[in-house]
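Written out below as structure tokens is the structure these notes cover.
The values are calculated or read from the model by the stated rules, or taken from the named source; none is laboratory data. Please read all numbers here as calculations on a predicted model, not as lab measurements. Cβ atoms come from the backbone with ideal geometry, glycine included; neighbour counts cover every protein chain shown. To get the accessible areas, we keep the full protein, side chains included, count just its heavy atoms, and leave off ligands, DNA and RNA. Shrake-Rupley method; radii C 1.70, N 1.55, O 1.52, S 1.80 Å.
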Amino acid sequence: MKRTVGLALLGAIAIAFIVIFGHGLTQDPRAIPSPLVGYPAPRFSLPKIGGGTLRIEDYAGKGVVVNFWASWCLPCRDEARVLEMVSRGYAEKNVVVVGINMQDEDASAQKFITEEEITFPNGRDAEGKTAIDFGVYGVPETFFIDSAGRVAHKVVGPVHADSIIEGLKKIAPGEAG
Amino acid sequence: MKRLIRAAAAFALLGAASGVRSEESSAADPAVEKRVRALATELRCPVCQNLSVADSPSTMAVQMRSLIREEIEKGATEDQVRSFFVQKYGEWILLAPLKSGFNWLLWLGGPVLLLAGLVGIVFWVARRRRPIEDVPPVSAETAARIEKALKERLEDGA
Amino acid sequence: MLADLGTIGLMAALALAAFGLVAAAIGQRRNRPALIAGSHRALYAIAGVLTFCMVALAYAFLARDYSISFVARHSNRDMPAAYAFSALWGGQEGSLLLWVWLQSLYGALAVRTTRTALPQLAGSFAAIFHAILLFFSVTLVFAADPFSRLFPLPTDGGGLNPLLQHPLMVIHPPMLYLGFVGTSVPFAFALAALMHKRVDPLWIHLSRKWTLFCWMCLTTGIVLGGHWAYLELGWGGYWAWDPVENASFMPWLTMTAYFHSTMVQERRRLLAGWNVVLAILSYTLSVFGTFLTRSGVISSVHSFALSNIGPFFLGFVALTLVVAFGLFIVQFSKMKGPREEQIEHPVSRESAILINNLFLVSSTFVVLWGTIFPVLSEAFQGKKLSVGAPFFNSALAPVGLALLFLMGTAQVIPWRKASAGRLVRNLGIPVLAGAAAVAAAWRVTQHPTFSAGAGLSAFVAAGLLWDVAVSIRARRRLHGEATPDAFVGVFSRQRRRVGGFVSHVGIALIGLGIMGSLFNEEKEMRVEPGQTVSAGRYSLHFKEFVRDHQSGYFSYGALFDVENDGKALGQLRPERRLYPNQNDPTTEVGLLKGLGEDLYIVLADFDREGKWVVLKTFVKPLVSLVWLGWLVLLVGSMWAFMGRSLALSPRPTGTDR
């Protein structure tokens, strides 16, 4: 009797062990969901690269794609073209793209913009405060903010055509794709 | 050559903090520094593997430390700073999970096991306890044997 | 060619393990000695074949044979030979090969040396090793073949992470693996004893030296890993409660509990079942720990490149748990052996060891629980959590102090029964010494935790000295020896006892060293060339900014003259380096080691023109005691290792009631 209970308990522990860790194996321990999704986006006001000020309030009522980048980050270079295309293609669909440069130097950031022929506005977050406000882990990260000013979606790592459209769908329903 | 270019690009990461206000702390208030450090040890550096904001040399951690310092100088309490980071990064950023709900299992698991073990030992000892009184008095012959055995024991070790 | 031979070797090991398992099982069941002998020979053959595979892979590394994918990924042409060799265990497949190779050596040697002493168990014993080897060779062949080919051939390899290019990294992993894999020996003994319902402590005697050896290796592996982290990672510490560190700490704790509680079984015929449980736990935790860090289920500093070995290990750990504990549940109540003796008095060595065991096992549980809790949290509350140093420190610091106390007490309480007079005699001097140390530490530091710890450390050390003094007196009285002879006699004749005491002093020293971190002084400041800054008692003069782009990496460093009270102590040059093909710059710390304290400086940031640097300085008291304590611990446990096992020496039956 005692033995049966013991064996049953052992079996249960073994199954729980396999289920829990089996589930754990399918998860990426580095993928951390942002608690900001579904909540109003943090406000920011940053010096614009090339002069002026970049404020999120200026885009009230529009969908905003906020991309955090740095000139030393190679994947940021890869995604720059995608972002530029979106910025041009979605202008009349009430979606704007803004870049936020972080952990970088003025000159290198400026050079990056010229080299990659970026036309959308970019702010410079020298002290990293805006990045921390957005809960950024590393570059690149892209946030999709809807017309009501809420964070609707977040992409960690470089955006590709597919992943950016997934985000755009959430901030410009019916328009994307 | 391409490798070197990559290397140079990545190295920019280091000089990056030059744009950051340096963490000059020679003039800083040691009491504030102590609080900043204590808070920073509780927070996980987002760009590192299992290092705290206090220990990490990364730019991100440097910026986080200066943010904590600023908040503390503005009069923020420890709880306010902590909840600010939790709001931005989720509970993940805390290196010691909050004592609430499911997390109690984490905090109480060890103490419960220790207590249960102590109770178990008490019962085990009680069950196996044999009163020492029923040992008959030792004869002279036995005493000599014990003396001899003792000598051998000393040789044995342990 | 070489690669093909390697893969064939692994397949041969797989086939031999399968054959050995079947032969041993049938031989044992049907009582066919020839089959059992065959399974033993298969075990030796596996050891031979895997030795060949290791040599082949090592040769491939030294020859930079980039037709082998693993070699291409983990070495390059610029690497010195020693690091090219150690790159063998710098990645998933190679380190797994090292593991299974050591496993085959342990298995072959353990079977070889015990086949005559334990003939009834010889088949089962070999079968367990074959089963383990079968699992690992299947994993190697199907999921992590270190000899898999690469085409087309690259002109140069990917290189080894520069952090791993350190002399300590040449010896740390093999040491650690010797420890991890060694836990399989007491495990196999315990399981074989269970299968044959033998409760007698013969298997404990036979596995004693194996256990101690693997424990010493594990200890050394852990300490060397900590030392490496201290020198190379540049965050100022040696232990971060990273999952990979926890994975090595858990079996260390249960092994420590194990060889203490086996003494109770040797002496008092008690705790037979508990010892079996500890042996099973130690091995299971070793494998589970390596599953955690290799499978990517938890993020860790050392996480290996993602691979598909996770499910293999998960299945193996589950199977080990079910088979081992299942056997325990079914067989244990049926086990035959000498009747368990009884506890004569609650205050005795045996109960003190039992409580020490409880604390060790509870600590193991806390470490395990904290390490896997993020996985549990994600599964049950869908929330990502971190469990790090603040949790482990607060949960384990009190347990650590309690363990120091128990260690000092248990070593001087006699077996069976401690009379009040005996307790006062044995504990009096150590308690006084401890109290004096508390008072002294309090005067200097006014820190309660540290004072308690210092007192406990002194208590442990005084226990050693007092015990040696008492033993010398006893020898003089019993043998009529002169004091120097008696002194030598105590050390040479009572190796296990003295060795144990010395090890305890080592642990107390390590504890004191860890508690020194309570007084760490840390500063971060911006310095310009020519400036002088202070850190603790030291003054640091920033002499010049040094750039070096010649050595195969980019290096930026700052040269500091270090002085203390106007006395020059030399120069320190903390650096940041960037190696080709690596994303993160590495840190070279500037370190001035001292017995009392270390000065540890790191370049946190710098201007590439050299106009300023941000310097992080640490003054770390008593760190040296951690490394010193390890040496003492090693000497003590080696001394105990050389002592005789009780059962193998004749025991006077008269005292064996």
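Below is a table of values for the structure above.
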{"item": "Inter-chain shielding of B:37-48 (mean C-beta neighbours from other protein chains, 10 Å cut-off)", "result": "3"}
{"item": "Accessible area of the range C:1-161 belonging to carbon and sulfur atoms, whole % at 1.4 Å probe", "result": "68"}
{"item": "Projected label distance in nm at A:Ala148 and C:Ala81, using a 7 Å step from Cα toward the beta-carbon", "result": "7.1"}
{"item": "Shape category assigned to the range A:37-171 from the gyration tensor of Cα positions, a/c cut at 1.5", "result": "rounded"}
{"item": "Accessible surface of C:Met169 - all protein chains present, 1.4 Å probe, nearest 10 Å²", "result": "10"}
{"item": "Expected 222 nm ellipticity per residue - DSSP helices of 4 or more, -39500 (n - 2.57), all of chain C, to 500", "result": "-22000 deg cm²/dmol"}
{"item": "Column: log10 I(q)/I(0), Debye, Cα scatterers of chain C, q = 0.10, 0.12 Å⁻¹", "result": "-1.04, -1.37"}
{"item": "Calculated from backbone phi, Karplus (6.51, -1.76, 1.60) coupling profile of the range A:109-124 in Hz, x at Gly/Pro", "result": "5, 4, 5, 4, 5, 5, 4, 8, 6, 8, 10, 6, x, 10, x, 10"}
{"item": "Segment C:Gln342-C:Ala58, length gained on full extension (0.36 nm per residue, minus Cα span)", "result": "96.8 nm"}
{"item": "Shape of the range C:166-409, Cα gyration tensor, a/c cut at 1.5", "result": "prolate"}
{"item": "Interface A:B - total buried accessible surface [probe 1.4 Å, Å², rounded to 100]", "result": "2100"}
{"item": "Accessible area (Å², per residue) of chain C, counting only protein heavy atoms and a probe of 1.4 Å", "result": "37"}
{"item": "P(r) of the protein assembly as shown over all Cα-Cα pairs, binned every 20 Å from zero, in whole percent", "result": "12, 39, 35, 12, 2, 0"}
{"item": "Percent of C-alpha pairs per 10 Å bin, the range C:1-43, short to long", "result": "33, 37, 20, 9, 1"}
{"item": "Shape box of the range C:519-624 [Cα atoms, principal axes, largest first, Å]", "result": "40, 29, 21"}
{"item": "Separation in nanometres of the label points that stand 7 Å from Cα toward Cβ, at C:Ala379 and A:Asn94", "result": "4.6"}
{"item": "Theoretical ellipticity at 222 nm over chain A - DSSP helices of four or more residues, -39500 (n - 2.57) apiece, nearest 500", "result": "-12000 deg cm²/dmol"}
{"item": "Chain-alone versus full-assembly comparison, the range C:603-617, residues with accessible loss of at least 40 Å² (1.4 Å probe)", "result": "C:Asp605, C:Phe606, C:Arg608, C:Lys616"}
{"item": "Semi-axis lengths, Å, the range C:124-258, gyration tensor of Cα atoms, sqrt of 5 times eigenvalues", "result": "33, 24, 10"}
{"item": "Placed amide H near C:Phe606: partners under 5 Å, 5+ positions off or other chain", "result": "C:Val614"}
{"item": "Contour excess over end-to-end distance, with Cα ends at C:Arg112 and C:Arg473 and 0.36 nm allotted per residue", "result": "125.7 nm"}
{"item": "Accessible area of the range C:166-409 belonging to carbon and sulfur atoms, whole % at 1.4 Å probe", "result": "73"}
{"item": "Test item: Cα-centred dipole of the protein assembly as shown, Lys/Arg +1 and Asp/Glu -1 on Cβ, debye", "result": "4640"}
{"item": "Max mean-square fluctuation residue, GNM over chain A, Cα-Cα springs under 10 Å, options A:Val37, A:Val97, A:Val64", "result": "A:Val37"}
{"item": "Alpha-carbon gyration tensor eigenvalues x 5, square-rooted, for the range C:1-161, Å", "result": "35, 14, 10"}
{"item": "Given C:Lys523/C:Lys543; A:Lys62/B:Lys74; B:Lys34/C:Lys616; B:Lys74/C:Lys611, the pairs whose alpha carbons are separated by over 23 Å", "result": "A:Lys62/B:Lys74; B:Lys74/C:Lys611"}
{"item": "Convex hull of Cα atoms in the range A:1-108, direction-averaged projection (nm²)", "result": "11.8"}
{"item": "Buried solvent-accessible surface, both chains (C, A), 1.4 Å probe, Å² to nearest 100", "result": "2000"}
{"item": "Gyration tensor verdict on the range C:121-171 (Cα atoms; rounded if a/c is under 1.5, prolate if a/b is larger than b/c, oblate otherwise)", "result": "oblate"}
{"item": "Set of aspartates and glutamates near A:Lys169 by C-alpha distance (under 14 Å), chain-local residues within fewer than 8 positions excluded", "result": "A:Asp146"}
{"item": "For the pair C and B, total buried accessible area rounded to nearest 100 Å², probe 1.4 Å", "result": "7000"}
{"item": "Carbon/sulfur fraction of accessible area - the range A:22-92, other protein chains in place, 1.4 Å, %", "result": "54"}
{"item": "Accessible area per residue, Å², the range A:1-159 with all protein chains present, probe 1.4 Å", "result": "45"}
{"item": "At least 50 Å² accessible surface lost relative to isolated chain, residues of the range A:1-49 (1.4 Å probe)", "result": "A:Arg3, A:Leu10, A:Phe17, A:Ile20, A:Phe21, A:Leu25, A:Pro29, A:Arg30, A:Ile32, A:Pro35"}
{"item": "Pairs of Cα atoms farther than 27 Å apart, the range C:435-593, %", "result": "56"}
{"item": "Semi-axes of the equivalent ellipsoid for the range A:76-142, Cα gyration tensor, largest first, Å", "result": "20, 15, 10"}
{"item": "Point-to-point label distance, C:Met638-A:Ala12, nm (Cα→Cβ direction, 7 Å offset)", "result": "5.0"}
{"item": "Per-selection Rg to Rh, the range A:104-177 - Cα, Kirkwood hydrodynamic radius", "result": "0.99"}
